[in-house]
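Notes to accompany the following structure.
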Amino acid sequence: MRELTNWLSGRADPDSFPYFPVTAEFHRNGKHFVATELLARLAGIRARLGVPVADAGPARLLRDFLDVALDKWDDRYDYRSYLGLTLLGLPCDDGDDAPGRDLATARRERDRLLVRLIADALAFESAAAVGDTELLPEQRPGPQTVAKRHRHGLRAVAPALSRLGLAGAVEHPQPAAAVAALHALAVADRSAEEERALRLSMLPVYVSHDEYLFIRVLQAYECTFAALADELRGAIADLTGGRGPAAAERLESARQRLVTAGPLFSMLATMQAESFRTFRAYTEGASAIQSRSYKAMESLCRTPEGDRLDSPAYRSVPEVRERVRAGRPCVDAAYTAAARDGRLAGPERDLVRRRMREFASAVLQWRRTHHRLAVRMLGAQPGTGYTEGTPYLAGVRAIPVFTAVADEPDPSAAEPTGGCPE
Ligand code: HEM
């Protein structure tokens, strides 16, 4: 590759690394099929950078990118590297409540990232529909499918836009025009670094159009789970400090974020099953069972029982498992302790209890919708996370979210549609 040769024969400054010519090579046939010669050269560059590159900056970005690009070469390809989570600044281990950032800033940054991811996914659909991109050219969807994706994506992004004070900024009777406005807004809002991170975090394994949607939806859910984990950590601190209304607000914010992300599943349900089957042949070993943010969220609600902790569910996320074994605090225990010793009582306790029930209901609903989507896309095939597939999901979907409110009815169970993806 000429650009790489030129870069290597010059000062090989990380700041001027030819990222986009390199990603173009990855896009040509998919990450699974990149030429060995290019991978060997990239591995050589990474070796010269040394490990670890601790400080943020051009060398660190290059190192993170090469780790993502070389995951298959290194034989450590997984869910985190598939989605390029480090490049997007999303938690790759157990995460932590956005250190050093106040609540409003942390929430705002999650919303901005969500908007960037969805706007980009929708803009790709628009560009492909009018022949403006050659990226991932196989199995393009028809116009009706594109229109559905636009509609669902606009619904998924609306609550974040509203929280950012941008409600109405992308309203238009024609979804395609609204998508164009959303894309323009997202482009204007993002910094050059954010733009680069977005581009670098798209390294599909193959060249099927729908893999773009799949990756962006998974990333958007990762962003959502990370936000939920932040909210739950905040709720635990509030419960411990006897601040019932603040804890209730955190739980309600978490619930809203999860519920309003629901159209992301609807978007993904428009994926062509044939397309999914094609590219998933090369995603073996990367499964959301490895999502640290999801399991952090789950274990911040309630300490998982021993058999779940010893199952593939937690063995796939060893950092989270360790935290739990070390006695991680959770909402369930913080609530029970605060209610027992009188820090939380009367209407404030009832409010927290109600919010816990409502959040639990949203999580159970998410699991049921996820299970239905998986059945539709996978049928009887096993999962890429080495489980038997949908029977695993059927077995875990009703695990109680909180013990303290587990005996109370789940209001969402009786919903007629139950958020069915379509
Ligand atoms: C085509 C769409 C999808 C299919 C077919 C699917 C299928 C599966 C399967 C079979 C598993 C079991 C583990 C394994 O062996 O891989 C799983 C787990 C999981 N999936 Fe999905 N999934 C889909 C979309 C998503 C999306 C969009 C998310 C959002 C991040 C997601 C999040 C999860 C999580 C968190 C788990 C772990 C659940 C647990 O361990 O309790 N999935 N999925």
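The values are calculated or read from the model by the stated rules, or taken from the named source; none is laboratory data. As the structure is a prediction and not an experimental result, all values here were calculated from the model. Here the Cβ is made from the backbone with ideal geometry for all residues, glycine too, and neighbour counts use every protein chain on show.
Report every pair of residues separated by at least 6 positions or lying on different chains whose Cβ atoms are under 6 Å apart, first residue within segment 125-143 and over 14 Å from G30 (Cβ atoms), second at pLDDT below 95 and surrounded by 15 or more Cβ atoms within 10 Å (Cβ to Cβ).
none
Return the only residue of E319, E388, E348, E358 being of a type in the set (D, E) and either farther than 30 Å from L218 by Cβ or touching a Phe, Trp or Tyr at 6+ places or on another chain (Cβ under 7 Å) (or both).
Working: E319 fails: either farther than 30 Å from L218 by Cβ or touching a Phe, Trp or Tyr at 6+ places or on another chain (Cβ under 7 Å) (or both); E388 fails: either farther than 30 Å from L218 by Cβ or touching a Phe, Trp or Tyr at 6+ places or on another chain (Cβ under 7 Å) (or both); E358 fails: either farther than 30 Å from L218 by Cβ or touching a Phe, Trp or Tyr at 6+ places or on another chain (Cβ under 7 Å) (or both).
Exactly one of E319, E388, E348, E358 is of a type in the set (D, E) and either farther than 30 Å from L218 by Cβ or touching a Phe, Trp or Tyr at 6+ places or on another chain (Cβ under 7 Å) (or both), namely E348.
Within segment 159-174, which residues are under 21 Å from Y221 (Cβ atoms) and without any contact (Cβ under 8 Å) to a residue 24 or more places away in the chain? Before the answer, list the steps.
Of all residues in segment 159-174, those under 21 Å from Y221 (Cβ atoms) come to 159-164.
Residue satisfying the conditions is S162 alone.
On the basis of being under 17 Å from A128 (Cα atoms), hydrophobic (A, V, I, L, M, F, W, C) and out of contact with any Leu (no Cβ under 6 Å at 6 or more places or on another chain), does A177 make the cut? Don't jump to the end; show me each part of the working.
On the way: under 17 Å from A128 (Cα atoms): yes; hydrophobic (A, V, I, L, M, F, W, C): yes; out of contact with any Leu (no Cβ under 6 Å at 6 or more places or on another chain): yes.
In short, yes.
Check S275, S266 and return the single one that is within 16 Å of the ligand (Cβ to nearest atom) and in contact with a strand residue (DSSP E or B) (Cβ under 7 Å, 6 or more places away or on another chain).
Details: S266 fails: in contact with a strand residue (DSSP E or B) (Cβ under 7 Å, 6 or more places away or on another chain).
Step by step, each of S275, S266 is checked, and only S275 is within 16 Å of the ligand (Cβ to nearest atom) and in contact with a strand residue (DSSP E or B) (Cβ under 7 Å, 6 or more places away or on another chain).
If T303 satisfies every condition in (1) surrounded by 24 or more Cβ atoms within 10 Å (Cβ to Cβ); (2) under 24 Å from L258 (Cα atoms) but one, which is the exception?
(1)
Residue-wise test of (1) in the same structural domain as E138 (by TED's automatic domain parsing); (2) surrounded by 18 or more Cβ atoms within 10 Å (Cβ to Cβ); (3) out of contact with any Leu (no Cβ under 9 Å at 6 or more places or on another chain).
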| site | (1), (2), (3) |
| --- | --- |
| P21 | no, no, no |
| F33 | no, no, yes |
| R46 | no, yes, no |
| A56 | no, no, yes |
| R63 | no, yes, no |
| Y82 | no, yes, no |
| T86 | no, yes, yes |
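Of everything in segment 237-260 that's closer than 12 Å to M356 by Cα and of a type in the set (G, A, S), which residue is nearest to the chain's Cα centre (by Cα)?
Step by step, filter segment 237-260, then rank; the result is A254.
(1) under 26 Å from P245 (Cα atoms); (2) buried (at least 20 other Cβ atoms within 10 Å of the Cβ): which one isn't true of S291, the others all being true?
The one condition S291 does not meet is (1).
Tell me which residues, restricted to segment 83-138, are hydroxyl-bearing (S, T, Y) and in contact with a His (Cβ under 8 Å, 6 or more places away or on another chain). Can you show your working first?
Step one: list which residues in segment 83-138 are hydroxyl-bearing (S, T, Y), which gives 86, 105, 126, 133.
S126 - this is the single residue of segment 83-138 that is hydroxyl-bearing (S, T, Y) and in contact with a His (Cβ under 8 Å, 6 or more places away or on another chain).
Among the residues of segment 26-42, is any more than 21 Å from V205 (Cα to Cα) and touching a residue at least 12 places away in the same chain (Cβ under 8 Å)? Give the derivation first.
Just the residues of segment 26-42 that are more than 21 Å from V205 (Cα to Cα), to begin with: none.
No, the conditions are met nowhere in segment 26-42.
Answer yes or no as to whether G168 is modelled with pLDDT under 95 and outside any helix (DSSP H, G or I).
On the way: modelled with pLDDT under 95: yes; outside any helix (DSSP H, G or I): yes.
It is true that G168 is modelled with pLDDT under 95 and outside any helix (DSSP H, G or I).
Of all helices (runs of 4 or more DSSP H) completely enclosed by segment 175-248, which ones contain at least 1 residues that are in contact with a helix residue (DSSP H, G or I) (Cβ under 7 Å, 6 or more places away or on another chain), in contact (Cβ under 8 Å) with a residue 60 or more places away in the chain and surrounded by 23 or more Cβ atoms within 10 Å (Cβ to Cβ)? Break it down stepwise before answering.
Values: elements: 175-189, 192-200, 210-240.
Hits in segment 175-248: 175-189, 210-240.
Any residue in segment 77-93 that is within 19 Å of Y206 (Cβ to Cβ), in contact (Cβ under 8 Å) with a residue 40 or more places away in the chain, not acidic (D, E) and not in a helix (DSSP H, G or I)?
Yes - at least one qualifying residue is present in segment 77-93.
Being closer than 27 Å to T86 by Cα and either surrounded by fewer than 22 Cβ atoms within 10 Å (Cβ to Cβ) or out of contact with any helix residue (DSSP H, G or I) (no Cβ under 6 Å at 6 or more places or on another chain) (or both): is that true of T145 here?
Numbers: closer than 27 Å to T86 by Cα: no; either surrounded by fewer than 22 Cβ atoms within 10 Å (Cβ to Cβ) or out of contact with any helix residue (DSSP H, G or I) (no Cβ under 6 Å at 6 or more places or on another chain) (or both): yes.
In short, no.
When you scan segment 355-399, how many residues do you find that are touching a residue at least 60 places away in the same chain (Cβ under 8 Å), away from the ligand (no atom under 15 Å from the Cβ) and over 21 Å from the mean Cα position of the chain (by Cα)?
3
Tally up the residues in segment 292-303 that are near the ligand (Cβ under 10 Å from one of its atoms) and touching a Phe, Trp or Tyr at 6+ places or on another chain (Cβ under 7 Å), please.
Adding up the residues that qualify gives 4.
If you scan segment 1-39, which residues turn out to be in contact with a helix residue (DSSP H, G or I) (Cβ under 8 Å, 6 or more places away or on another chain), small (G, A, S) and assigned to a helix (DSSP H, G or I)?
Listed by number, the list holds a single entry, S16.
Are any residues in segment 281-291 out of contact with any helix residue (DSSP H, G or I) (no Cβ under 6 Å at 6 or more places or on another chain) and more than 8 Å from the ligand (Cβ to nearest atom), and if so, which ones?
Passing the criteria: A281, T283, E284, G285.
Report the residue count in segment 306-320 for those that are within 10 Å of the ligand (Cβ to nearest atom) and surrounded by fewer than 20 Cβ atoms within 10 Å (Cβ to Cβ). Can you show your working first?
Of the residues in segment 306-320, the ones within 10 Å of the ligand (Cβ to nearest atom) are 308, 311-314, 316-317.
In the following step, the residues that additionally are surrounded by fewer than 20 Cβ atoms within 10 Å (Cβ to Cβ) were identified as 308, 311-312.
Final tally of qualifying residues: 3.
For segment 224-238, indicate whether the set of residues that are of a type outside the set (A, V, I, L, M) and touching a Phe, Trp or Tyr at 6+ places or on another chain (Cβ under 8 Å) is non-empty.
Within segment 224-238 (the criterion being of a type outside the set (A, V, I, L, M) and touching a Phe, Trp or Tyr at 6+ places or on another chain (Cβ under 8 Å)), the answer is yes, since at least one residue qualifies.
Here are H209, H152: which of them is within 16 Å of the ligand (Cβ to nearest atom), in contact with a Lys or Arg (Cβ under 6 Å, 6 or more places away or on another chain) and not aliphatic (A, V, I, L, M)? Spell out the reasoning first.
On the way: H152 fails: in contact with a Lys or Arg (Cβ under 6 Å, 6 or more places away or on another chain).
Within the list H209, H152, the selection yields H209.
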